[in-house]
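The values are calculated or read from the model by the stated rules, or taken from the named source; none is laboratory data. None of the values given here were measured: they were computed from a predicted structure. Note that each Cβ is placed from the backbone with ideal geometry, even for glycine, and that neighbours are counted across all protein chains shown. Note: accessible area is taken over every heavy atom of the protein model, side chains too, but ligands, DNA and RNA are not part of it. Shrake-Rupley method; radii C 1.70, N 1.55, O 1.52, S 1.80 Å.
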Amino acid sequence: VQLQASGGGLVQAGDSLTLSCAVSGSTVSRYRMGWFRQYPGKERDLIATITPGHLTNYAADLEGRFTISRDASTNTVYLQMNNLKPGDTAVYYCAADTQCRRIWGQGTKVTVSS
């Protein structure tokens, strides 16, 4: 399984942005998929997960502003981010939880200017 994240960039505070994570080598609906973010010098923090049964879970402080979804037709997981703030500036990663291990995609950097 390979994951390819994309969609990061430079936006202004209050803007919206959607990140994509394309899955190859398997189907997106087979795994619990997640989005994480990492600040410089910090560990990766969970943003949201979505299970094969479409159950979602969010970090408490991000629920309502961020939305995770997946599209089986494109084999992609998305992260819709609204009302972005400078504190959302980070590198964002997608991940797939297989039976053996967590597989990570490469990060995509999001920068929110004030």
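Ordered from longest to shortest, the equivalent ellipsoid semi-axes for the chain are 23, 14, 13 Å, each the square root of 5 times a Cα gyration tensor eigenvalue.
The label point for THR27 and the one for SER114, both projected 7 Å from the Cα toward the Cβ, are 4.8 nm apart. Each Cα pair under 8 Å and six or more residues apart adds its sequence gap; the mean of these over the residue count of the chain is a relative contact order of 37 percent. Label reach from ARG65 (point 7 Å along Cα→C-beta): in segment 79-114, amide nitrogens under 20 Å belong to 79-94, 108-114.
So how much slack lies between VAL1 and ASN83, counting 0.36 nm per residue of separation and subtracting their Cα-Cα distance, in nm? Each step should come with its number before you reach the end.
Values: separation 82, 0.36 × 82 = 29.52 nm, distance 3.22 nm.
Working it through step by step, the gained length comes to 26.3 nm.
As a fraction of the 1.4 Å probe accessible area of the chain, surface on carbon and sulfur atoms comes out at 47 percent.
For segment 11-69, state which trypsin sites (Lys or Arg not before Pro) are in a DSSP loop and have at most 10 other beta carbons lying within 10 Å of their beta carbon. Sparse-neighbourhood loop trypsin sites (Lys or Arg not before Pro): LYS42.
Around GLN12, what is the net charge, scoring Lys/Arg as +1 and Asp/Glu as -1 over all other residues with Cβ under 13 Å from its Cβ? Mind dumping the intermediate values first?
Working: positive: LYS85; negative: ASP15, ASP88.
Once positives and negatives cancel, what remains is -1.
Accessible area per residue for segment 70-111 is 48 Å², calculated with a 1.4 Å probe on protein heavy atoms, without ligands, DNA or RNA.
By the Cβ distance rule of under 4.7 Å, the chain has these cysteines without a partner: CYS100.
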